[in-house]
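Below is one structure; the comments refer to it alone.
The values are calculated or read from the model by the stated rules, or taken from the named source; none is laboratory data. This is a predicted model, so every value here is computed, not measured. Virtual Cβ from ideal backbone geometry, glycine too; neighbours counted across all protein chains shown.
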Amino acid sequence: MKPWKFADLIADPAVKSRWERVRRYFFLRESTYDMTRRCNIRCEGCYYFEGEKQHAAELGDPEAWRALMRAERERGITYVVLAGAEPSLVPDLLQVCYQEMPLGAIATNGIQRIPESVGYKIHLSVWGNDETSGRIRKAKHMLARQIENYQGDPRAVFVYTFTPHNIAEAGEVAEILSRQGCKLTFNMFSAPVGYAGALRHTPDSLTQTRQAMCDLLARYPQHVLFSTYNAVAHTHRLGLHDLFGCAYPRRNPSTDLGLGRSFRQYRTDLNWDREAACCVPDTDCADCRHYAAGSAVVPARLFRHAVDPDTFNSWLDYVDTYLAVWVMGYEKGANLCNTVVAPPGFGID
Amino acid sequence: MTAAIELDQMIVNIAAIMIEELKLEDVTPETFDPEIDLVDEVGIDSMDLATVALVLRDKYAVRIDEDDYPKLTTLRLISEYIHRKLADRG
């Protein structure tokens, strides 16, 4: 079969328009930052409280953070992800970061509202319905409190993390969120290194999760920020590293280009360690299907997806989803490809 | 046409593609310094290189392997890479 030319792949006006739209964001260069060692809940399988980073000293000086953000800007960083343990507990630091770096996202449990003056995307972690949250996160009425804090807030995206045990609850949660006009995307529980608990996915749970994701995407297209290709990429029997080759420094020795060159994961003491640098440190790479990892790893593989219209359009859907989830003001378009497409070089599951 | 002239012409042609695709300003194909570091001095990154690689694939029917991107940090290196692949193909 004759290979497709790139010019032909983008000949369709709708595809061309989407391509032109997403490529405007190719300038984004991310790094991530642990903001505080404190959290107001303690969840089973939490990434922050694994490994060494939880023991770093906490440097809560706003001017030190300001200096760091300025230095980050100088070395080309254009996007910050503020996480661990619970960033909403240090609103003054969030404000400083936003003043210095206008694009970014905050990963929060949503119990405490982040001031509107911090204009980043806000990702609210949802681990099931309130009964399940109560059990796993030891916190009552999580979803109700998150909705109360963020309903109608254009910054907010609810991130539903699928485990093998909350797949059936996703419909109930999606229904509640869509009724309240909230945006929702999906994450996959990805086991930390050495994790021996019950939340690790199995082949059966991966299959069921893919089906649930596609069903909810079809049922709530105005509220679910996702695509069929997202579902495939994140529920494949192989993790993201095996499918796409993770580009984060932890798995990528090259310092010449891309994430290997610019990405850092800062701890609360404002130091970083290349050996541990990825979006969710202490995840078992073989089990990594994390939404944040995919958001960097899949878009980076543009070339290998430009092979035929379905594969390229699936990649565009993925990038469109990533931008809608992570960038303030970016509105997701309708998905271009709703058929199941395999990651290049692999089967569909 | 000698190989050196071919390479010089290819540098100008690829410069034109990069200017067009990456919307570079204040430079023409003739004034584009083939030795300038594209990452450090022009500010392009892996996604930009992937875009250029796709357009070059169309023009020259040459595939630039993803693993080779980190080595292609100047216009000259990109041009030599394409030139070499074309020569290998005969």
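For A:L68, are the conditions met, namely being surrounded by 15 or more Cβ atoms within 10 Å (Cβ to Cβ), over 30 Å from A:Y150 (Cα atoms) and more than 22 Å from the chain's Cα centre (by Cα)? Judged against the criteria, A:L68 is not a match. Do we find that A:D273 is at pLDDT below 95, of a type in the set (D, E) and within 20 Å of the chain's Cα centre (by Cα) in this structure? When the stated conditions are applied, A:D273 does not pass them. Within region A:304-349, the set of residues being charged (D, E, K, R), assigned to a loop (DSSP other than H, G, I, E, B) and either within 18 Å of A:K16 (Cα to Cα) or without any contact (Cβ under 8 Å) to a residue 12 or more places away in the chain (or both) comprises A:D308, A:E331, A:K332.
A quick yes/no check of all residues on (1) part of a helix (DSSP H, G or I); (2) surrounded by 13 or more Cβ atoms within 10 Å (Cβ to Cβ); (3) within 11 Å of chain A (Cβ to nearest Cβ); (4) modelled with pLDDT of 95 or more:
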| site | (1), (2), (3), (4) |
| --- | --- |
| B:A4 | yes, no, no, no |
| B:M10 | yes, yes, no, yes |
| B:D26 | no, no, no, no |
| B:T31 | no, no, no, yes |
| B:E41 | yes, no, no, no |
| B:M47 | yes, yes, yes, no |
| B:V55 | yes, yes, yes, yes |
| B:E80 | yes, yes, no, yes |
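Here B:A50 fulfils each of the conditions (1) over 13 Å from the mean Cα position of the chain (by Cα); (2) closer than 19 Å to A:R301 by Cβ apart from (1). When each of A:V15, A:V22 is tested for being within 14 Å of chain B (Cβ to nearest Cβ) and buried (at least 19 other Cβ atoms within 10 Å of the Cβ), the lone residue that passes is A:V22. Restricting A:L270, A:L257 to those that are aliphatic (A, V, I, L, M), within 14 Å of chain B (Cβ to nearest Cβ) and surrounded by 15 or more Cβ atoms within 10 Å (Cβ to Cβ) reduces the list to A:L257.
Quick grid of which residues meet (1) part of a loop (DSSP other than H, G, I, E, B); (2) in contact with a helix residue (DSSP H, G or I) (Cβ under 6 Å, 6 or more places away or on another chain):
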residue: A:R38; (1), (2): yes, yes
residue: A:A57; (1), (2): yes, no
residue: A:R73; (1), (2): no, no
residue: A:V81; (1), (2): no, no
residue: A:V96; (1), (2): no, yes
residue: A:R113; (1), (2): yes, yes
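Can you say whether A:A306 is in contact with a Cys (Cβ under 8 Å, 6 or more places away or on another chain), within 14 Å of chain B (Cβ to nearest Cβ) and either under 30 Å from A:G84 (Cβ atoms) or surrounded by 16 or more Cβ atoms within 10 Å (Cβ to Cβ) (or both), as far as the supplied structure shows? It would help to see each step written out before you state the result.
Numbers: in contact with a Cys (Cβ under 8 Å, 6 or more places away or on another chain): no; within 14 Å of chain B (Cβ to nearest Cβ): yes; either under 30 Å from A:G84 (Cβ atoms) or surrounded by 16 or more Cβ atoms within 10 Å (Cβ to Cβ) (or both): yes.
No: the conditions fail for A:A306.
In this structure, A:L9 does satisfy being within 14 Å of chain B (Cβ to nearest Cβ) and touching a Pro at 6+ places or on another chain (Cβ under 7 Å). Starting from region B:34-61, keep only residues that are over 19 Å from B:R84 (Cβ atoms) and free of Cβ contacts under 8 Å to residues at least 60 places away in the same chain, then list their pairs with residues that are among the β-branched types (V, I, T) and in a helix (DSSP H, G or I) whose Cβ atoms are within a distance under 8 Å, requiring at least 6 positions of separation or different chains. Correct list of pairs: B:I36/B:V42; B:D45/B:V39. When region A:25-77 is examined, which residues are found to be within 14 Å of chain B (Cβ to nearest Cβ), acidic (D, E) and closer than 18 Å to A:R267 by Cβ? The one that is within 14 Å of chain B (Cβ to nearest Cβ), acidic (D, E) and closer than 18 Å to A:R267 by Cβ: A:E30.
Does at least one position in region B:13-26 carry a residue that is among the basic types (K, R) and over 21 Å from A:F27 (Cα atoms)? Break it down stepwise before answering.
First pass over region B:13-26, keeping only residues among the basic types (K, R): B:23.
Subset that is over 21 Å from A:F27 (Cα atoms): none.
Scanning region B:13-26 turns up no residue that is among the basic types (K, R) and over 21 Å from A:F27 (Cα atoms).
Only one of the listed residues (A:G51, A:G60) is modelled with pLDDT under 95 and in contact with a Ser or Thr (Cβ under 8 Å, 6 or more places away or on another chain). That residue is A:G60.
Applying the selection to region A:328-349, what residues are hydrophobic (A, V, I, L, M, F, W, C) and surrounded by 17 or more Cβ atoms within 10 Å (Cβ to Cβ)?
Step one: list which residues in region A:328-349 are hydrophobic (A, V, I, L, M, F, W, C), which gives A:328, A:334, A:336-337, A:340-342, A:346, A:348.
Those that are hydrophobic (A, V, I, L, M, F, W, C) and surrounded by 17 or more Cβ atoms within 10 Å (Cβ to Cβ): A:L336, A:C337, A:V341, A:A342.
Among the residues of region B:57-78, write down those that are under 16 Å from B:D37 (Cα atoms), of a type in the set (D, E, K, R) and facing another protein chain (nearest Cβ under 8 Å). Once the filter is applied, which keeps residues that are under 16 Å from B:D37 (Cα atoms), of a type in the set (D, E, K, R) and facing another protein chain (nearest Cβ under 8 Å), region B:57-78 yields only B:K71.
Among the residues of region A:273-294, count how many are among the small types (G, A, S), surrounded by fewer than 23 Cβ atoms within 10 Å (Cβ to Cβ) and under 22 Å from A:A85 (Cβ atoms).
Narrowing region A:273-294 to residues among the small types (G, A, S): A:276-277, A:286, A:292-294.
Checking which are surrounded by fewer than 23 Cβ atoms within 10 Å (Cβ to Cβ) leaves us with A:276-277, A:286.
This time we only want the ones that are under 22 Å from A:A85 (Cβ atoms), so: A:276-277.
Selection size over region A:273-294: 2.
Consider region A:148-169 and keep the residues that are more than 20 Å from A:H290 (Cβ to Cβ) and small (G, A, S). The one that is surrounded by the most Cβ atoms within 10 Å (Cβ to Cβ) is A:A168.
For region A:227-245, the set of residues classified as in contact (Cβ under 8 Å) with a residue 60 or more places away in the chain and over 21 Å from A:H165 (Cα atoms) consists of A:S227, A:T228, A:Y229, A:L243, A:F244, listed by residue number.
Which of the residues belonging to region A:192-247 are basic (K, R) and surrounded by fewer than 20 Cβ atoms within 10 Å (Cβ to Cβ)? Can you show your working first?
To start, the set of residues in region A:192-247 that are basic (K, R) comprises A:200, A:210, A:219, A:237.
Listed by number, the residues that qualify are A:R200, A:R219, A:R237.
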